[in-house]
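First comes the structure, then the notes that go with it.
The values are calculated or read from the model by the stated rules, or taken from the named source; none is laboratory data. This is a predicted model, so every value here is computed, not measured. Quick reminder, even Gly has a Cβ in these numbers, built from the backbone with ideal geometry, and neighbours come from all protein chains shown.
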Amino acid sequence: MKTYYELLGVAPAAPADEIKRAFRREIARYHPDKVQHLGNEFQEIAAVRAAELTEHAQGVLDTGEIERVHDMRVATRRLRAALEIFEPCFPPRTDGEALGGVKRLADALGERRDRDVAIATLRNFGEQMPSPDRRGISSLVEQLRGEQEEANRQLAPLVEGPHLTALRESLDGLVNDARGLTE
């Protein structure tokens with residue numbers, strides 16, 4: 001991972017005024033007037049990422065299919081990255097609602113995914129343990145199952161019906177706002 005100095009192209013011992021100039025130079029590269037031409041590309045990326053999000057919602061609450069949670073979580077990460085990268089393509093202060101909704105969904109998916117992975121790992125570990133020791137592993141798995149069910153209860157309203165529809169509409173609105181800037 002690059003340091004701030006490397007990102008700015010200055011030495012760590014550079015004088016403050018040189019660092020400020022480098023910072024301003026980088027900020028100017030991403031000024032809205034210089035990136036608004038990316039609106040069409042953003043529209044396509046955002047539409048694809050939003051569609052992925054809703055596609056992966058199907059069956060995500062099934063605790064027997066933990067990869068669905070993983071796939072939806074990856075979709076939220078991709079969408080969130082696109083929203084953050086293309087933020088200058090939006091009209092001022094229009095991306096907050098959509099980005100906030102994606103973040104809440106990603107957090108809830110993360111809570112569920114953490115339990116899924118822990119349960120799968122403990123089960124595999126338990127299979128390798130001597131029989132008398134498996135009861136302790138089973139006890140931990142049962143405790144995690146309770147946490148998994150709670151995480152699922154928290155996730156359910158975010159992936160079912162009205163909330164997911166509202167998030168998708170918010171994302172579609174963002175794309176339409178960006179289109180208005182590029183037309």
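Data for the structure
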quantity: Output for segment 1-47, where each listed residue is modelled with pLDDT of 80 or more and touching a Ser or Thr at 6+ places or on another chain (Cβ under 8 Å); calculated: PRO12
quantity: From the options LEU171, LEU158, LEU144, residue that is farther than 18 Å from VAL102 by Cα and either touching a helix residue (DSSP H, G or I) at 6+ places or on another chain (Cβ under 7 Å) or without any contact (Cβ under 8 Å) to a residue 60 or more places away in the chain (or both); calculated: LEU144
quantity: Inter-residue pairs, beta-carbon under 7 Å, first over 21 Å from GLY101 (Cβ atoms) and in segment 38-56, second at pLDDT below 80 and of a type in the set (Gly, Ala, Ser), 6+ apart; calculated: GLY39/ALA178
quantity: Residue that is at pLDDT 90 or above and either assigned to a helix (DSSP H, G or I) or of a type outside the set (D, E, K, R) (or both), where the choices are ARG115, ARG135; calculated: ARG115
